[in-house]
Structures are given as structure tokens and as C-alpha cells.
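What follows is a single structure, written as C-alpha cells, with notes after it.
The values are calculated or read from the model by the stated rules, or taken from the named source; none is laboratory data. Computed from a prediction, not measured in an experiment: that's the story for all the values here. Methodologically, a virtual Cβ is constructed for each residue, glycine included, from the backbone with ideal geometry; neighbour enumeration extends over all protein chains shown. Remember, those area values only see protein heavy atoms, side chains included, never the ligands or the DNA or RNA. Shrake-Rupley method; radii C 1.70, N 1.55, O 1.52, S 1.80 Å.
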Amino acid sequence: MIDVVLVGREDGLARLAAALATDAPVAVVGEAGIGKTTLLRAAARASGRQVFEGGALSTLSWIDYLALERAIGRRMPAGDPATVAVAVEGRVGDGLLVLDDLQWAAAATLEVVGYLAGRVGLLAGLRLGDASADAAVDQLRGADFEIVRLAALTPEESRAVLSRLRPDLGPGAADRLAKRTGGNPLLLRELAETGELSASLRLALAARLRRLDEPGREAFGLLALAGRPVHCDGLGSAGAKSLLAADLAVATADDRIEIRHSLLGEVAIEEMSAEERQRLHAILARNVDDPGEAARHHALAGDRKAALAAATRAAAATTRPGERASHMAIAASCADGPDADALRLEAAHALETADDWPALSVLLDQLRAGPPEVRAAAALIRARAAWRSGDPDGLRSALAEGFELVGGTGSDVEVQLLVESTRIPIFLDADPEEAVRSTTAALDAARAAGVDIARAEYLHGTALYVMQRPEGARYLEQAMAAARAAGEVGTEMVASNNLIAFHESLGDPGVARRVASEMVERAAALGLGVWERSFQMALSNLDFHAGNYPAVLAAADELLDQPLESRTRDSLFEQLCLALIDTGRIDEAERRVAALPPRSGADWTWRRQIAWVRTEAALWGGRPQRAAELAEEILDGPEGDANLAFAHVSRAWALFDLGREPGPPVTGSYPAMLAAVPEETTGICLLSAGSAAAAVDAFDRASVTWGGYHRRGEIRCEWAAGEAARRAGGSDAVDRLERVEQRAGELGMVPLLSRIHRSLRAAGVRRTAAARRTGGRRITDREREVLDLVGAGLTNAEIAGRLGVSRHTVISQIASASAKLGARSRTHAASLVAGARAG
């Protein structure tokens with residue numbers, strides 16, 4: 001197998017092969033880790049000639065002929081360079097001389113190499129960035145060497161390397177890794193395998209930086225701390241020239257300089273003293289025009305007064321909540337005096353809206369010493385932060401702290417705490433009746449005080465939604481509209497999120513999709529990245545229920561390695577694992593669950609999500625006894641959790657598979673998404689009892705009821721109805737099973753297909769191969785256009801920008817095309833399209 005470092009080096013190999021055919025000398029040059037040695041060795045192997053390989057050493061650069069002696073394996077004769085060249089030529093003969101790292105070779109060695117050029121097969125390698133490298137390259141060029149300069153890998157080539165090293169790595173993570181390493185194969189391989197630089201490689205990078213001259217070191221430090229390209233004027237001409245000559249940076253089209261790969265910047269910052277960082281941040285602060293960027297550099301330079309002034313100007317100048325929160329955080333961290341607490345509270349609200357919990361935590365710690373009302377307001381925000389981060393104990397303790405400070409005062413903060421405390425019966429205690437009672441009282445109090453009305457409506461609507469009462473949607477819509485009108489962006493986001501959830505499970509999934517799509521765009525326009533991703537996750541959830549597994553897998557790949565609110569991450573992880581199970585990748589789902597770190601104090605929702613994934617993995621993985629045990633654990637959860645209904649279905653099928661009595665059918669009222677549970681469990685009981693004909697009717701009703709809300713339930717019940725019809729001797733049994741075989745095949749539901757094929761075999765129908773995934777469907781012109789851009793190396797975000805559509809639209813089009821083509825991934829789909837065109 002070709003070394004992964006040779007990916008993207010086909011042209012270089014061809015040039016070396018052509019030169020060797022005529023014994024023309026070639027020198028391969030490039031930065032450290034770019035793949036020079038690998039390329040030289042590959043070309044040498046391909047030549048079929050005897051190879052004499054040696055290299056110079058930086059610590060022994062003073063030894064004449066060291067590289068030659070290492071290659072030939074003997075001491076060089078006494079005499080001038082011409083004499084030595086004759087001896088080397090006689091030893092190499094028709095073989096091939098490969099000399100690496102000639103930037104460290106003594107002058108006498110380079111002179112011998114000049115004599116040998118054209119007389120023996122000769123390949124040389126030189127590392128750029130060393131003081132002697134340019135002179136050595138010039139000397140070889142004067143000896144008629146062809147100079148082959150190795151450039152960094154393109155993003156597409158970097159992804160090709162990563163696909164071999166880490167086939168489990170998603171496109172988003174691969175893109176970020178490629179950018180971080182700047183297309184350097186050595187760094188790419190190192191980070192792909194270990195996640196971090198080795199100590200030796202980090203030391204090598206640091207040593208490379210230390211070899212810069214003084215202007216170059218300062219310019220590189222400025223670039224590293226800026227974290228973006230800087231105009232040449234801001235670095236100084238001498239510094240910019242030094243960086244370009246050392247191949248540590250590249251020039252952009254607009255006269256800016258940027259670091260070749262960000263790892264060098266990380267190492268440079270680690271190497272700086274605190275005093276040096278402050279000095280360079282002060283220079284950057286003076287030279288930037290943007291007040292927000294200036295504020296950051298002033299703060300890091302230790303100039304709190306200048307940072308406060310610049311951050312305040314920046315916050316006033318933006319309408320994007322995410323940007324404003326960032327600026328307010330800097331201003332608050334630099335504030336002193338009597339107005340500091342008010343500014344910190346304002347900043348805390350802004351950070352809450354932006355879901356920037358790490359920065360918010362730091363700020364709230366600064367408010368612990370203020371007056372009671374300020375501390376209570378901080379406790380309120382801390383409670384909200386605890387909820388969003390999945391910390392139920394933190395929510396309870398923060399609310400208790402707040403009430404202890406202002407309980408009985410009738411203050412606005414007390415009302416806000418009352419509103420927020422209704423989360424406990426809604427979510428933590430799973431007590432729907434108490435939730436409606438408490439949210440009704442909180443809404444009355446909010447209206448009487450004229451405080452937090454939209455938030456109280458949102459929580460009351462949520463409680464009604466949990467109770468499956470249709471008026472919950474009206475309160476959520478009112479909260480969403482009122483919060484948007486009042487500029488309460490945080491409440492608008494959470495109300496929208498729950499309105500989507502309401503329509504997903506109780507109302508119209510089409511409305512849920514429309515609201516989610518609208519909110520993805522709105523959150524993006526407001527600069528609220530965490531919320532943008534949360535609404536993308538909501539769309540993914542709708543895709544899961546629609547059976548669009550490629551879209552779920554693509555969204556999880558793109559989102560899971562990005563910053564996400566804890567509950568959003570949990571739900572997305574659950575979707576991903578269930579999609580893997582439904583598409584036959586059960587082992588992968590179980591590995592992902594097993595790799596989860598322990599979570600102390602996890603709430604019931606998370607425990608139930610993971611338990612259900614394990615239950616489904618066991619059920620569809622052929623371990624019904626384990627599935628039944630896990631389902632029983634879920635069913636011990638709080639009675640108010642409607643999602644327990646899924647476990648009832650899983651347990652019933654597990655017991656059926658074991659040949660045991662599934663128990664009585666589930667009874668009671670369930671929301672629209674789960675309304676099929678009583679009918680499906682009735683069908684399982686009838687089938688188990690031998691009443692197959694009656695079971696057909698029950699499964700048919702269940703399939704219709706699941707339809708539109710939960711595709712996997714719908715198709716599962718279609719199969720069950722076909723199996724029941726087979727057992728009942730129905731004449732339509734094979735037709736039923738073949739229809740559901742087609743549907744399950746199109747969606748890629750591999751474990752269910754196995755059950756369908758078993759039923760067909762029992763009916764006398766043989767299957768020699770898996771049903772076709774594509775069902776004869778053709779991809780659309782737009783899907784083909786998107787896949788062409790995937791093949792060109794563009795990310796989903798870049799494709800969205802190119803075509804003027806949302807990123808989720810791109811994900812959906814890739815997923816749809818992948819399903820039609822039977823592709824395993826976006827890159828596989830792109831290659832299939834390209835291959836079909838070429839054929």
C-alpha cells in the first residue's frame with residue numbers, strides 16, 4: 001500500500017522518475033514534515049536500481065563528506081572534492097545516490113555533489129527554513145539540478161490522507177484537522193493518530209521558530225497572538241520577509257501574511273513568556289481598527305481601562321447577541337467601582353442568551369459578594385445555566401440559594417425565580433399535574449408584576465405540552481412572539497425549541513420542520529452558534545423520525561464535534577446511535593455508548609436515552625433476553641415520562657422473540673407520536689397467542705397511526721402485519737412482505753430487512769442478495785451539483801454559501817443522494833457520481 005504521506009505527490013513522483021531515466025539530478029525541497037524523504041525513497045524504490053542513501057546531520061554539519069560516507073558506507077579518500085567524486089562515482093556505478101538534508105551538509109559535500117550531477121543517478125533533499133538552506137539550493141541549481149518544491153497538501157488531499165488514517169473521522173473534524181496542520185503530512189499523521197503533537201515534534205517546531213532572526217520572531221509572535229492574517233505593515237517589512245524566507249508563513253492576495261499551519265502558532269505562544277505576550281498584545285491593540293478586537297488585546301495586555309472603553313464601544317455598535325455577549329464579557333471583566341455589578345449582570349444576561357456558559361461561570365463568580373438582589377439575580381442565571389448544561393442538582397441548589405436571598409420580598413427577582421422553579425416539576429420530578437399548577441401560578445405572578453411574562457408563558461406552554469394538551473402550542477407561540485418583540489432572545493430560542501418538539505410529537509411535523517428551518521436561519525443571523533446547531537439538531541430529529549438515516553448520520557458527523565448545549569448533544573447522540581442500529585451498524589453504536597465517560601448526577605432523561613439505545617441494540621442485535629432486561633430498567637422510571645412507551649414496545653418484541661408471554665397490551669392515552677403503542681403491543685400479544693388474523697388488523701392500525709410521526713414504527717408494523725398474515729395463511733402475505741421489503745431497503749434498515757427476508761423464506765420466497773437500496777430512483781440535478789462540489793473538496797458550509805442555500809439543505813441533499821446511490825458517506829457518493837460520469 002502506498003504511504004499516506006505520498007497522497008497528492010503523484011506529480012512529484014512522475015518528475016523524479018522522468019529525471020532518473022536520463023540521470024538528470026533532482027533536488028526535492030520543502031518545509032519539515034512535508035514528505036521529502038518519503039518521496040525520495042518512493043522514487044528510489046520505483047527505479048529498481050541499487051540505492052545508496054545517506055544524509056547530513058545538523059549536529060555534525062562540520063564534518064566533510066558525512067552524508068556521502070553514510071550513503072557509501074565507507075570513509076572518503078584523502079584528496080580534493082574532485083578526487084572524492086571519482087571514488088563515489090565508482091562505488092555508485094549504475095545505482096542511485098540519495099542524499100537527504102543537504103541544508104546541513106558541509107561545503108565540501110556540496111562541491112562533490114556538484115561534480116557528480118549528471119554522472120550518476122542523484123536525488124537530493126533539502127529542508128527549507130534553515131539559514132543555510134537557501135544557499136544550498138542556489139548551489140544545486142547552479143549545478144543544473146532540477147528543483148522540485150513540495151507544497152502543502154490541498155484540503156482535498158489532506159482529507160484523502162485522513163480517510164486512510166482515520167476512516168471514522170467525519171468531514172467536519174477532518175476539515176478542521178487539515179486546517180490546523182496546514183496540509184503538512186507529518187503533522188496531519190501525528191494529530192490523526194494521537195490527537196496531540198509528540199514532545200519531540202513539539203520541540204522540533206519550537207527549535208525551528210528559535211532559528212528566526214529577531215524581526216522574524218516578533219512578527220511570528222504577532223501573527224500567532226492575532227489568530228488571523230495580518231497586513232505586512234503591521235508586522236514590519238523585515239519581519240514579514242524573514243517569515244516568508246523561512247517558509248513559516250504565506251502571503252495572501254491582499255498583502256497579508258498568515259501562518260502556514262496553526263500548530264506553529266500554538267507552539268510559538270507556548271514558548272513566549274507572560275511578559276512577551278503582554279508586550280505583543282499591546283502592539284496588536286494599537287494597530288487594529290476593530291474595537292472588539294482591540295478590547296481583547298488591551299485586556300490581554302493588562303490595560304483594563306482601555307479594554308473597558310473599547311469593549312463598551314464594540315458592544316454598542318453590534319446588533320448580534322453573540323457578538324455583543326463577547327464584548328460585554330470583556331467589559332465586565334475589566335469593570336471596577338459602584339457600577340461594576342450592574343455591568344456584570346448585564347453581561348451575564350448577554351452570555352446566557354449566547355449560551356456561552358464557560359465565560360458566564362467566570363463572571364457569576366465575581367457577583368457572589370454583591371448585595372442580596374444582585375446575588376439572587378446571579379443565582380437565577382446560574383440556575384438557567386445549570387439546566388442548559390444538564391446539571392439538575394445545580395439547578396435545584398441555585399434556585400434554593402436565590403430564594404434564600406430574596407424570598408418573601410416580592411421583588412422582581414423573586415418572581416423570576418418562581419417562574420424558573422417550575423422546571424423542577426416539569427422536567428426533574430416528571431409530575432405533569434403539579435407542573436401545570438405551578439406554571440399557572442407563576443404566569444399569574446409574572447403578569448401581576450409585569451416581569452418575565454414571555455418566559456412564564458413558555459414554561460406554562462411546556463407543562464401543557466407534557467400533559468398532551470393542545471393549548472400548549474398556543475402558549476409557546478405567544479411566548480415566542482412576545483419574546484422576539486421584546487428582544488428577549490434567550491426566551492425566544494427556548495420557546496421555539498419546545499414549539500418544534502410539540503409539533504414533532506403532538507401536532508404537525510411539517511410545522512415543526514418549518515419552524516426549525518426558520519430558527520436555524522434566525523440563530524445564524526443573530527450570531528448564536530450554539531442555538532443554530534440546536535435547531536439543526538431539531539431538524540435531524542425530524543429526519544430520524546422520517547427514516548432519513550443518511551441525513552441523521554451526516555448531521556451527527558457535522559455537529560457532534562462542535563460546541564453544543566448538553567441536552568442537544570445528548571439527543572443528537574441518541575439519534576446517531578439509533579440510526580446506526582437501524583442501518584445495521586449495531587457494534588458501532590454499542591462501542592460509542594461504551595466509550596462514554598461516566599456522568600455523575602445524570603438526570604433521568606439522559607439515563608433513559610442511553611438505556612433505550614442499549615435496549616434497541618440488544619433487540620436488533622439478536623439478544624432478546626438482554627433487551628428485555630434493559631427495557632424493564634427503563635420502565636422503572638417516572639410514570640409521567642411519555643417516552644417510556646418506546647420501552648414497552650421494545651420489551652414486548654424482546655419477550656416475543658424469546659417465545660414468552662409479552663404481557664398485557666399497553667393501555668392509556670398517548671400523544672400522537674406514541675398513539676400507536678397500544679395497537680402495536682396488542683398486535684404482539686395476539687401474534688404470541690396464535691391469533692394471527694386479529695394481529696394483522698392491529699398491526700395495520702398501528703402502522704397507520706405511526707405514519708407521519710415515526711417511520712421506523714410504521715415500517716416495523718408493516719412487516720409485523722405481513723408476518724401475521726403469513727401465519728394466518730393470508731393470500732396477500734407475500735405481497736405485503738415484498739412491499740415492506742422495498743420500503744425498508746430504500747431506507748437501509750438492515751436488521752429489519754433480515755426479519756423481512758426470514759418471513760419471506762418462511763413463505764417460500766428466496767432472496768439471494770439484499771434488496772436494492774436505490775429502488776431505481778435517480779438523483780436530481782441539484783443533488784448532482786452538490787455532490788460535484790463535495791468532490792471538489794468543499795465543506796457543507798462552503799457549498800451552502802456557493803449555492804445560496806442553508807447548510808441543512810445541503811446536508812439533506814447529500815443524504816438523499818447518498819440513499820439513492822447506496823453510498824456509505826458523502827465522499828463515497830461524490831466518487832460514485834464522478835465514476836458514473838467518467839464511465
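What the table shows:
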quantity: Highest to lowest packing among 744-751, 15-22, scored as the average C-beta count within 10 Å; calculated: 744-751, 15-22
quantity: Exposure rank, largest accessible area first [E783, E53; 1.4 Å]; calculated: E53, E783
quantity: Antiparallel bridges, percent of DSSP beta bridges restricted to the chain (to nearest 5); calculated: 20
quantity: Which of P671, G55, A376, positive extreme of dipole for the chain (C-beta unit charges); calculated: G55
quantity: Gyration tensor over alpha-carbon atoms, the chain, equivalent ellipsoid semi-axes in Å; calculated: 58, 41, 20
quantity: With DNA, RNA and ligands ignored, accessible area of S731 (1.4 Å probe; Å², nearest 10); calculated: 120
quantity: Exposure ranking of H297, H828, H349 by accessible area [1.4 Å probe, largest first]; calculated: H349, H828, H297
quantity: Rounded accessible area of D94 (nearest 10 Å², 1.4 Å probe); calculated: 140
quantity: Straight-distance crosslink candidates among lysines, where the alpha carbon sits under 16 Å from K305 and sequence neighbours closer than 8 are dropped; calculated: none
quantity: Kyte-Doolittle mean at least -1.0 and Cα axial length at least 30 Å: DSSP H helices in the chain; calculated: none
quantity: Whole-Å distance, taken between Cα centres, linking the range 358-429 and the range 98-137; calculated: 69
quantity: q = 0.13, 0.14 Å⁻¹, the range 686-764: log10 I(q)/I(0) [Debye, one scatterer per Cα]; calculated: -0.33, -0.39
quantity: Solvent accessible area, Å² - W612, 1.4 Å probe, full protein context; calculated: 20
quantity: P(r) of the range 443-558 over all Cα-Cα pairs, binned every 5 Å from zero, in whole percent; calculated: 2, 13, 21, 21, 20, 11, 8, 2, 1, 0
quantity: Only Lys, Arg (+1) and Asp, Glu (-1) charged, at Cβ; the chain dipole about Cα centre in debye; calculated: 2400
quantity: 37 °C / 0.692 mPa s Stokes-Einstein diffusion coefficient of the range 558-701, Kirkwood radius on C-alpha pairs, µm²/s; calculated: 203
quantity: Proximal lysines relative to K241, as straight alpha-carbon distance under 25 Å, when same-chain residues fewer than 8 apart are discounted; calculated: K36, K179
quantity: Listed residues A27, G547, Y475: farthest to the positive end of the dipole of the chain (Cβ charges); calculated: A27
quantity: Cβ-defined net charge surrounding W531, 10 Å radius [Lys, Arg +1; Asp, Glu -1]; calculated: -2
quantity: Relative contact order (percent, whole number), the range 56-192, Cα cutoff 8 Å, 6+ residue spacing; calculated: 19
quantity: The range 302-316-the range 536-552 distance, computed between alpha-carbon centres (Å); calculated: 43
quantity: Exposure ranking of E31, E346 by accessible area [1.4 Å probe, largest first]; calculated: E346, E31
quantity: Ellipsoid semi-axes in whole angstrom, largest first, where each is sqrt(5λ) of the Cα gyration tensor of the range 400-459; calculated: 18, 14, 8
quantity: Globularity index of the range 541-582, i.e. its alpha-carbon radius of gyration over 2.2 N^0.38 Å; calculated: 1.04
quantity: Rel. contact order, % - alpha carbon contacts under 8 angstrom, at least six apart, the chain; calculated: 6
